[in-house]
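Below is one structure, written out as C-alpha coordinates, with a few remarks after it.
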Amino acid sequence: MKIDKLPAIFAPARPVLQKIEQAGFEAYFVGGCVRDTILGDPIHDIDIATSAYPSEIKAIFKRTVDTGIVHGTVMILDHGTGYETTTFRTESGYQDYRRPDSVTFVRSLAEDLKRRDFTINALALRENGEVIDLFDGLADLDRHLIRAVGDPNERFHEDALRMMRAVRFASKLDFVIDQPTLAGIRENAPLLSKIAVERIQVEFEKLLLGQRPVSGLKDFIDTGLYRYCPGLVDQEAALSQLLVLNNWQLENAQQAWAMLCFQLGLSNKQVAGFLKRWKTSNDLIRQVKRIIPLVAGLRDKSLDAMAMFAGGWDALHDANQVAKLYGWAEEDPVLEKRYQTLPIKSSNELTIDGRSLMADGGIKPGPQLGRILNDLTTAVVEGRLANNRDTLLTAARTLAEEKG
Ligand SMILES: Nc1ccn([C@@H]2O[C@H](COP(=O)(O)OP(=O)(O)OP(=O)(O)O)[C@@H](O)[C@H]2O)c(=O)n1
(Lines give C-alpha, C1' and ligand atoms only; values in the text may rest on other atoms or scores of the structure.)
Protein backbone atom coordinates (compact mmCIF):
# COMPACT_ATOMS: atom_id res chain seq x y z
CA MET A 1 0.00 0.00 0.00
CA LYS A 2 1.15 3.50 -0.75
CA ILE A 3 -0.23 6.62 0.87
CA ASP A 4 -0.35 9.29 -1.81
CA LYS A 5 -0.62 12.27 0.43
CA LEU A 6 0.89 12.09 3.88
CA PRO A 7 -0.60 14.38 6.55
CA ALA A 8 1.07 17.79 6.72
CA ILE A 9 2.88 16.93 9.96
CA PHE A 10 5.16 14.61 7.94
CA ALA A 11 6.30 17.32 5.51
CA PRO A 12 9.18 18.64 7.66
CA ALA A 13 10.06 15.09 8.78
CA ARG A 14 10.61 13.67 5.30
CA PRO A 15 13.93 15.48 4.74
CA VAL A 16 15.12 13.97 8.04
CA LEU A 17 14.57 10.45 6.68
CA GLN A 18 16.16 11.45 3.37
CA LYS A 19 19.24 12.70 5.16
CA ILE A 20 19.66 9.43 7.07
CA GLU A 21 19.21 7.46 3.84
CA GLN A 22 21.73 9.65 2.01
CA ALA A 23 24.24 8.73 4.71
CA GLY A 24 23.74 5.09 3.71
CA PHE A 25 21.28 3.87 6.36
CA GLU A 26 17.64 2.82 6.34
CA ALA A 27 15.03 4.96 8.07
CA TYR A 28 11.25 4.69 8.45
CA PHE A 29 8.39 6.30 10.28
CA VAL A 30 7.07 3.75 12.77
CA GLY A 31 4.62 3.14 15.60
CA GLY A 32 1.60 5.21 16.50
CA CYS A 33 2.13 7.84 13.80
CA VAL A 34 1.72 5.24 11.04
CA ARG A 35 -1.29 3.64 12.72
CA ASP A 36 -2.97 7.00 13.27
CA THR A 37 -2.23 8.17 9.72
CA ILE A 38 -4.04 5.17 8.29
CA LEU A 39 -6.92 5.58 10.74
CA GLY A 40 -7.13 9.28 9.91
CA ASP A 41 -6.65 10.12 13.60
CA PRO A 42 -4.65 13.09 14.87
CA ILE A 43 -0.91 12.43 15.14
CA HIS A 44 0.91 13.61 18.26
CA ASP A 45 4.48 12.75 17.50
CA ILE A 46 6.57 11.18 14.82
CA ASP A 47 8.87 8.29 15.67
CA ILE A 48 11.62 7.11 13.39
CA ALA A 49 13.32 3.69 13.30
CA THR A 50 16.69 3.39 11.62
CA SER A 51 19.53 0.98 10.94
CA ALA A 52 21.97 3.68 12.10
CA TYR A 53 23.41 3.51 15.61
CA PRO A 54 22.92 6.52 17.89
CA SER A 55 26.54 7.61 17.33
CA GLU A 56 25.94 7.48 13.58
CA ILE A 57 22.79 9.60 13.87
CA LYS A 58 24.70 12.08 15.98
CA ALA A 59 27.35 12.31 13.29
CA ILE A 60 24.69 13.11 10.65
CA PHE A 61 22.73 15.78 12.56
CA LYS A 62 24.13 18.86 14.24
CA ARG A 63 21.48 19.12 16.93
CA THR A 64 20.48 16.01 18.86
CA VAL A 65 19.54 15.18 22.43
CA ASP A 66 20.37 11.87 24.13
CA THR A 67 16.85 11.09 25.29
CA GLY A 68 17.32 7.36 25.76
CA ILE A 69 20.68 6.49 24.40
CA VAL A 70 20.92 3.10 26.17
CA HIS A 71 17.77 2.11 24.34
CA GLY A 72 19.14 3.43 21.08
CA THR A 73 17.01 6.57 21.08
CA VAL A 74 18.29 9.96 20.07
CA MET A 75 16.09 12.97 19.52
CA ILE A 76 16.93 14.80 16.30
CA LEU A 77 16.12 18.50 16.55
CA ASP A 78 15.16 19.97 13.25
CA HIS A 79 13.68 23.45 12.79
CA GLY A 80 12.25 23.41 16.29
CA THR A 81 10.70 19.94 16.06
CA GLY A 82 12.08 16.85 17.82
CA TYR A 83 12.05 13.42 16.19
CA GLU A 84 12.69 10.41 18.42
CA THR A 85 14.96 8.23 16.34
CA THR A 86 15.61 4.69 17.53
CA THR A 87 18.04 2.13 16.20
CA PHE A 88 16.37 -1.12 15.05
CA ARG A 89 16.27 -3.25 18.15
CA THR A 90 14.84 -6.29 19.79
CA GLU A 91 14.21 -6.02 23.44
CA SER A 92 12.19 -6.44 26.52
CA GLY A 93 11.43 -3.54 28.79
CA TYR A 94 10.31 -0.79 26.45
CA GLN A 95 10.80 2.61 28.09
CA ASP A 96 12.07 0.89 31.20
CA TYR A 97 15.32 2.68 31.70
CA ARG A 98 16.13 0.59 34.74
CA ARG A 99 16.79 -2.29 32.41
CA PRO A 100 19.09 -0.85 29.76
CA ASP A 101 20.78 -4.19 29.12
CA SER A 102 17.52 -5.65 27.84
CA VAL A 103 18.11 -4.06 24.42
CA THR A 104 19.84 -5.68 21.48
CA PHE A 105 20.43 -3.64 18.38
CA VAL A 106 19.74 -5.30 15.06
CA ARG A 107 20.35 -4.10 11.54
CA SER A 108 17.06 -5.13 9.91
CA LEU A 109 13.65 -3.53 9.98
CA ALA A 110 11.93 -6.93 9.96
CA GLU A 111 13.72 -7.96 13.16
CA ASP A 112 12.66 -4.71 14.79
CA LEU A 113 9.02 -4.93 13.73
CA LYS A 114 8.57 -8.49 14.85
CA ARG A 115 9.33 -7.52 18.44
CA ARG A 116 6.72 -4.77 18.52
CA ASP A 117 3.54 -5.21 20.54
CA PHE A 118 0.57 -5.33 18.18
CA THR A 119 0.24 -5.72 14.43
CA ILE A 120 -1.41 -2.30 14.14
CA ASN A 121 1.71 -0.82 15.78
CA ALA A 122 4.16 -2.84 13.70
CA LEU A 123 3.73 -0.95 10.44
CA ALA A 124 6.52 1.11 8.93
CA LEU A 125 6.20 3.98 6.51
CA ARG A 126 8.78 5.03 3.97
CA GLU A 127 9.47 8.64 3.27
CA ASN A 128 7.64 8.26 -0.09
CA GLY A 129 4.43 7.04 1.56
CA GLU A 130 4.92 3.31 1.00
CA VAL A 131 3.65 1.21 3.92
CA ILE A 132 5.58 -1.86 4.99
CA ASP A 133 3.21 -4.37 6.52
CA LEU A 134 4.86 -7.65 7.49
CA PHE A 135 2.22 -8.88 9.96
CA ASP A 136 -1.13 -7.99 8.40
CA GLY A 137 -1.43 -4.85 10.48
CA LEU A 138 -3.37 -3.14 7.68
CA ALA A 139 -6.00 -5.88 7.64
CA ASP A 140 -6.24 -5.68 11.44
CA LEU A 141 -6.71 -1.92 11.26
CA ASP A 142 -9.45 -2.58 8.79
CA ARG A 143 -11.22 -5.16 10.92
CA HIS A 144 -10.59 -3.20 14.14
CA LEU A 145 -8.52 -5.91 15.78
CA ILE A 146 -5.78 -5.72 18.38
CA ARG A 147 -3.56 -8.71 17.80
CA ALA A 148 -0.13 -9.41 19.23
CA VAL A 149 2.68 -9.75 16.72
CA GLY A 150 3.50 -13.48 16.68
CA ASP A 151 3.20 -15.31 20.00
CA PRO A 152 1.32 -13.23 22.62
CA ASN A 153 3.17 -14.96 25.47
CA GLU A 154 6.51 -13.87 24.10
CA ARG A 155 5.34 -10.31 23.56
CA PHE A 156 3.93 -10.05 27.09
CA HIS A 157 7.03 -11.57 28.63
CA GLU A 158 9.15 -8.98 26.85
CA ASP A 159 7.04 -6.24 28.39
CA ALA A 160 4.05 -6.97 30.60
CA LEU A 161 2.82 -3.38 30.23
CA ARG A 162 1.70 -4.39 26.74
CA MET A 163 -1.28 -6.15 28.34
CA MET A 164 -2.44 -2.80 29.69
CA ARG A 165 -1.71 -1.26 26.31
CA ALA A 166 -4.02 -3.83 24.69
CA VAL A 167 -6.98 -2.84 26.87
CA ARG A 168 -6.09 0.82 26.48
CA PHE A 169 -6.14 0.54 22.67
CA ALA A 170 -9.41 -1.41 22.84
CA SER A 171 -10.94 1.58 24.61
CA LYS A 172 -9.11 4.32 22.77
CA LEU A 173 -9.72 3.00 19.25
CA ASP A 174 -12.92 1.07 19.95
CA PHE A 175 -11.21 -2.09 18.67
CA VAL A 176 -11.67 -5.69 19.74
CA ILE A 177 -8.82 -7.76 21.18
CA ASP A 178 -8.22 -10.94 19.21
CA GLN A 179 -8.94 -14.16 21.11
CA PRO A 180 -5.44 -15.67 21.36
CA THR A 181 -4.12 -12.26 22.45
CA LEU A 182 -6.84 -12.05 25.09
CA ALA A 183 -6.01 -15.56 26.26
CA GLY A 184 -2.37 -14.48 26.49
CA ILE A 185 -3.34 -11.56 28.70
CA ARG A 186 -5.40 -13.80 30.96
CA GLU A 187 -2.49 -16.19 31.33
CA ASN A 188 0.16 -13.56 31.89
CA ALA A 189 -1.77 -10.98 33.91
CA PRO A 190 0.28 -11.63 37.10
CA LEU A 191 3.37 -10.35 35.26
CA LEU A 192 1.86 -6.88 35.55
CA SER A 193 2.90 -6.78 39.20
CA LYS A 194 6.51 -6.39 38.03
CA ILE A 195 5.74 -3.21 36.11
CA ALA A 196 6.29 0.26 37.54
CA VAL A 197 2.97 1.70 38.72
CA GLU A 198 3.60 4.98 36.91
CA ARG A 199 3.53 3.16 33.58
CA ILE A 200 0.35 1.27 34.45
CA GLN A 201 -1.26 4.50 35.58
CA VAL A 202 -0.68 6.15 32.19
CA GLU A 203 -2.34 3.29 30.33
CA PHE A 204 -5.24 2.95 32.76
CA GLU A 205 -5.98 6.65 32.56
CA LYS A 206 -5.99 6.48 28.76
CA LEU A 207 -8.37 3.52 29.00
CA LEU A 208 -10.79 5.49 31.16
CA LEU A 209 -10.62 8.41 28.74
CA GLY A 210 -10.96 6.39 25.53
CA GLN A 211 -13.72 6.30 22.95
CA ARG A 212 -15.26 3.15 24.38
CA PRO A 213 -14.05 2.75 27.94
CA VAL A 214 -16.61 0.08 28.70
CA SER A 215 -15.06 -2.29 26.19
CA GLY A 216 -11.48 -1.81 27.45
CA LEU A 217 -12.69 -2.05 31.03
CA LYS A 218 -14.53 -5.28 30.34
CA ASP A 219 -11.32 -6.88 29.09
CA PHE A 220 -9.40 -5.34 32.00
CA ILE A 221 -11.80 -7.10 34.39
CA ASP A 222 -12.32 -10.37 32.50
CA THR A 223 -8.61 -11.03 32.03
CA GLY A 224 -7.91 -10.37 35.71
CA LEU A 225 -5.52 -7.47 34.98
CA TYR A 226 -7.32 -5.41 37.63
CA ARG A 227 -6.02 -7.73 40.34
CA TYR A 228 -2.49 -6.50 39.75
CA CYS A 229 -3.35 -2.82 39.90
CA PRO A 230 -3.11 -0.76 43.11
CA GLY A 231 -6.16 -0.99 45.35
CA LEU A 232 -8.34 -2.91 42.88
CA VAL A 233 -7.84 -6.55 43.84
CA ASP A 234 -11.07 -6.71 45.87
CA GLN A 235 -13.04 -4.40 43.64
CA GLU A 236 -14.33 -6.63 40.85
CA ALA A 237 -17.97 -5.99 41.77
CA ALA A 238 -17.62 -2.21 41.91
CA LEU A 239 -15.66 -2.14 38.65
CA SER A 240 -18.18 -4.39 36.93
CA GLN A 241 -21.00 -2.02 37.83
CA LEU A 242 -19.38 0.49 35.51
CA LEU A 243 -19.97 -1.83 32.58
CA VAL A 244 -23.72 -1.52 32.81
CA LEU A 245 -23.63 2.26 32.64
CA ASN A 246 -24.22 3.60 29.17
CA ASN A 247 -21.02 4.09 27.30
CA TRP A 248 -19.54 7.06 29.04
CA GLN A 249 -17.20 9.73 27.88
CA LEU A 250 -15.05 11.69 30.28
CA GLU A 251 -13.02 14.75 29.41
CA ASN A 252 -9.92 14.77 31.56
CA ALA A 253 -7.78 12.91 34.06
CA GLN A 254 -9.41 14.36 37.17
CA GLN A 255 -12.85 13.31 35.98
CA ALA A 256 -11.60 9.81 35.25
CA TRP A 257 -9.98 9.30 38.64
CA ALA A 258 -12.84 10.98 40.50
CA MET A 259 -15.29 8.65 38.78
CA LEU A 260 -13.19 5.66 39.76
CA CYS A 261 -12.80 6.75 43.39
CA PHE A 262 -16.49 7.55 43.62
CA GLN A 263 -17.44 4.21 42.12
CA LEU A 264 -15.21 2.43 44.62
CA GLY A 265 -17.01 4.29 47.40
CA LEU A 266 -13.82 5.81 48.80
CA SER A 267 -14.05 8.46 51.48
CA ASN A 268 -12.07 11.64 50.93
CA LYS A 269 -9.43 10.30 53.30
CA GLN A 270 -9.17 7.03 51.42
CA VAL A 271 -8.95 8.87 48.10
CA ALA A 272 -5.55 10.30 48.97
CA GLY A 273 -4.19 6.90 50.00
CA PHE A 274 -5.59 5.18 46.93
CA LEU A 275 -4.29 7.76 44.47
CA LYS A 276 -0.89 7.86 46.19
CA ARG A 277 -0.60 4.14 45.56
CA TRP A 278 -1.32 4.89 41.91
CA LYS A 279 1.41 7.55 42.11
CA THR A 280 -0.74 10.31 40.66
CA SER A 281 0.31 13.90 41.28
CA ASN A 282 -0.68 15.80 44.43
CA ASP A 283 -2.44 18.27 42.23
CA LEU A 284 -4.67 15.55 40.84
CA ILE A 285 -5.42 14.27 44.35
CA ARG A 286 -6.46 17.78 45.36
CA GLN A 287 -8.78 18.08 42.36
CA VAL A 288 -10.37 14.67 42.90
CA LYS A 289 -11.05 15.51 46.55
CA ARG A 290 -12.93 18.60 45.44
CA ILE A 291 -14.95 16.76 42.83
CA ILE A 292 -16.17 13.81 44.88
CA PRO A 293 -18.33 15.68 47.43
CA LEU A 294 -19.90 17.58 44.54
CA VAL A 295 -20.82 14.33 42.78
CA ALA A 296 -22.41 13.16 46.02
CA GLY A 297 -24.27 16.50 46.23
CA LEU A 298 -25.61 16.03 42.70
CA ARG A 299 -26.67 12.49 43.55
CA ASP A 300 -28.47 13.59 46.71
CA LYS A 301 -29.83 16.75 45.11
CA SER A 302 -28.27 18.58 48.03
CA LEU A 303 -25.88 20.77 46.10
CA ASP A 304 -26.27 24.13 47.79
CA ALA A 305 -24.64 27.51 47.25
CA MET A 306 -21.93 26.89 49.84
CA ALA A 307 -20.94 23.55 48.28
CA MET A 308 -20.68 25.19 44.84
CA PHE A 309 -18.67 28.07 46.30
CA ALA A 310 -16.30 25.70 48.12
CA GLY A 311 -15.79 23.50 45.06
CA GLY A 312 -15.36 26.21 42.46
CA TRP A 313 -16.45 26.08 38.83
CA ASP A 314 -13.83 23.70 37.48
CA ALA A 315 -14.59 21.02 40.07
CA LEU A 316 -18.30 21.60 39.64
CA HIS A 317 -18.08 21.10 35.90
CA ASP A 318 -15.97 17.96 36.38
CA ALA A 319 -18.42 16.62 38.99
CA ASN A 320 -21.33 17.16 36.62
CA GLN A 321 -19.54 15.21 33.89
CA VAL A 322 -19.01 12.32 36.32
CA ALA A 323 -22.62 12.58 37.51
CA LYS A 324 -23.77 12.21 33.88
CA LEU A 325 -22.59 8.61 33.94
CA TYR A 326 -25.05 7.87 36.67
CA GLY A 327 -27.88 10.03 35.40
CA TRP A 328 -27.56 12.51 38.28
CA ALA A 329 -26.22 15.48 36.36
CA GLU A 330 -27.93 18.82 36.02
CA GLU A 331 -28.16 20.31 32.56
CA ASP A 332 -24.78 21.99 32.01
CA PRO A 333 -26.23 25.48 31.31
CA VAL A 334 -28.53 25.22 34.33
CA LEU A 335 -25.66 24.34 36.62
CA GLU A 336 -23.49 27.06 35.13
CA LYS A 337 -26.25 29.62 35.69
CA ARG A 338 -26.64 28.51 39.31
CA TYR A 339 -22.93 28.95 39.81
CA GLN A 340 -22.78 32.27 37.99
CA THR A 341 -25.51 33.70 40.19
CA LEU A 342 -23.56 33.06 43.39
CA PRO A 343 -23.08 36.49 45.01
CA ILE A 344 -19.34 35.83 45.29
CA LYS A 345 -17.15 33.13 43.75
CA SER A 346 -14.13 33.51 45.99
CA SER A 347 -13.44 34.91 49.44
CA ASN A 348 -11.22 37.55 47.80
CA GLU A 349 -14.41 39.16 46.59
CA LEU A 350 -15.68 39.80 50.11
CA THR A 351 -15.67 43.49 51.02
CA ILE A 352 -14.13 42.65 54.40
CA ASP A 353 -11.29 40.42 55.53
CA GLY A 354 -9.64 39.46 58.81
CA ARG A 355 -7.63 42.62 58.91
CA SER A 356 -10.57 44.97 58.37
CA LEU A 357 -12.64 43.07 60.93
CA MET A 358 -9.93 43.86 63.50
CA ALA A 359 -9.18 47.41 62.42
CA ASP A 360 -12.68 48.65 61.66
CA GLY A 361 -14.96 46.11 63.31
CA GLY A 362 -13.13 46.02 66.62
CA ILE A 363 -12.98 42.21 66.60
CA LYS A 364 -10.10 40.79 68.61
CA PRO A 365 -7.64 38.45 66.93
CA GLY A 366 -8.06 34.76 67.75
CA PRO A 367 -10.19 31.76 66.77
CA GLN A 368 -13.37 33.81 67.11
CA LEU A 369 -12.23 36.05 64.28
CA GLY A 370 -11.96 33.06 61.96
CA ARG A 371 -15.41 31.81 62.95
CA ILE A 372 -16.98 35.20 62.34
CA LEU A 373 -15.31 35.49 58.97
CA ASN A 374 -16.65 32.03 58.03
CA ASP A 375 -20.17 32.91 59.16
CA LEU A 376 -20.10 36.13 57.16
CA THR A 377 -18.79 34.33 54.07
CA THR A 378 -21.56 31.73 54.30
CA ALA A 379 -24.19 34.43 54.81
CA VAL A 380 -23.00 36.33 51.74
CA VAL A 381 -22.75 33.18 49.59
CA GLU A 382 -26.23 32.15 50.64
CA GLY A 383 -27.58 35.63 49.92
CA ARG A 384 -28.60 36.34 53.53
CA LEU A 385 -26.29 39.35 53.81
CA ALA A 386 -25.30 41.83 51.12
CA ASN A 387 -21.60 41.96 50.30
CA ASN A 388 -21.42 45.48 51.59
CA ARG A 389 -18.69 46.64 53.93
CA ASP A 390 -20.88 48.45 56.46
CA THR A 391 -23.46 45.67 56.52
CA LEU A 392 -20.77 43.09 57.15
CA LEU A 393 -18.99 45.11 59.85
CA THR A 394 -22.27 45.62 61.69
CA ALA A 395 -23.08 41.92 61.39
CA ALA A 396 -19.58 41.09 62.64
CA ARG A 397 -20.06 43.19 65.77
CA THR A 398 -23.42 41.54 66.48
CA LEU A 399 -21.88 38.10 66.02
CA ALA A 400 -18.99 39.02 68.34
CA GLU A 401 -21.43 40.09 71.05
CA GLU A 402 -23.52 36.93 70.61
CA LYS A 403 -20.47 34.70 70.69
CA GLY A 404 -19.16 36.75 73.55
N1 LIG B 1 5.40 -1.60 25.38
C2 LIG B 1 5.56 -1.21 24.13
C3 LIG B 1 5.55 0.16 23.83
C4 LIG B 1 5.73 0.54 22.51
N5 LIG B 1 5.93 -0.40 21.55
C6 LIG B 1 6.17 0.01 20.16
O7 LIG B 1 6.62 1.36 20.12
C8 LIG B 1 5.71 2.18 19.39
C9 LIG B 1 5.61 3.57 20.02
O10 LIG B 1 5.13 3.46 21.33
P11 LIG B 1 4.37 4.62 22.10
O12 LIG B 1 4.84 5.93 21.60
O13 LIG B 1 4.43 4.31 23.53
O14 LIG B 1 2.84 4.41 21.74
P15 LIG B 1 2.09 4.57 20.39
O16 LIG B 1 1.81 3.21 19.81
O17 LIG B 1 2.81 5.52 19.54
O18 LIG B 1 0.68 5.10 20.83
P19 LIG B 1 0.28 6.51 21.47
O20 LIG B 1 1.16 7.54 20.85
O21 LIG B 1 -1.16 6.64 21.14
O22 LIG B 1 0.52 6.33 22.93
C23 LIG B 1 4.41 1.39 19.40
O24 LIG B 1 3.58 1.75 18.33
C25 LIG B 1 4.92 -0.03 19.29
O26 LIG B 1 5.33 -0.32 17.98
C27 LIG B 1 5.92 -1.75 21.88
O28 LIG B 1 6.08 -2.58 20.99
N29 LIG B 1 5.75 -2.13 23.16
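The values are calculated or read from the model by the stated rules, or taken from the named source; none is laboratory data. In this text, all values refer to a predicted model and were calculated from it rather than measured experimentally. Methodologically, a virtual Cβ is constructed for each residue, glycine included, from the backbone with ideal geometry; neighbour enumeration extends over all protein chains shown. All accessible areas refer to the heavy atoms of the entire protein, side chains included, with ligands and DNA or RNA removed. Shrake-Rupley method; radii C 1.70, N 1.55, O 1.52, S 1.80 Å.
Angle of helix 253-263 to the longest C-alpha principal axis of the chain, folded into 0 to 90 degrees and rounded to 10: 70°. Here the accessible area is traced with a 1.4 Å probe on the protein chains. For the chain, carbon and sulfur cover 49 percent of it. Applying 1/(1 + (r/R0)^6) with r as the Cβ-Cβ distance of His79 and His157 and R0 = 35 angstrom yields a FRET efficiency of 0.30. Under 19 Å from a label point set 7 Å out along the Cα-to-Cβ vector of Glu130, the amide N atoms of segment 23-38 belong to 23-31, 34-35, 38. These residues, Val197, Val202, go from largest to smallest accessible area, 1.4 Å probe, as Val202, Val197.
Heavy atoms only, probe 1.4 angstrom, no DNA, RNA or ligands counted: give me Thr81, Thr394, Thr377 ranked by accessible area, highest first.
Thr394, Thr81, Thr377
For the chain, the convex hull spanned by the alpha carbon atoms encloses 188 Å³ per residue. Among Ala319, Ala196, Ala160, the largest mean-square fluctuation in a Gaussian network model of the chain (Cα springs under 10 Å) belongs to Ala196. Please give the calculated 222 nm ellipticity per residue for the chain, where each DSSP H segment of at least 4 residues contributes -39500 (n - 2.57) and the sum is spread over every residue; nearest 500 deg cm²/dmol? It comes out at -15000 deg cm²/dmol, rounded to the nearest 500. Within segment 297-365, report the GluC sites (Glu not before Pro) that DSSP leaves as loop and that have at most 13 other Cβ atoms within 10 Å. Taking segment 297-365 and a limit of 13 other Cβ atoms within 10 Å, the loop GluC sites (Glu not before Pro) found are Glu331.
To test your reading of the geometry: what angle, between 0 and 90 degrees and rounded to tens, separates the Cα axis of helix 268-277 from the longest principal axis of the chain? So the helix axis and the longest Cα principal axis differ by about 20 degrees. Per residue, the solvent-accessible area of segment 107-180 (1.4 Å probe, heavy atoms of protein chains only, all protein chains present) comes to 35 Å². Helix 389-403 and the longest principal axis of the Cα set of the chain meet at an angle near 70°. Using a 7 Å offset from the Cα along the Cα-to-Cβ direction at both Gln22 and Ser346, what is the distance between the two label points in nm, to one decimal? The answer from the label model is 5.4 nm. Projecting label points 7 angstrom from Cα along Cα→Cβ for Glu402 and Lys62 puts them 7.4 nm apart. Largest GNM mean-square fluctuation among Ala183, Ala122, Ala11, using the chain with Cα springs under 10 Å: Ala11.
The order of Glu56, Glu127 by accessible area, most exposed first and with a 1.4 Å probe, is Glu56, Glu127.
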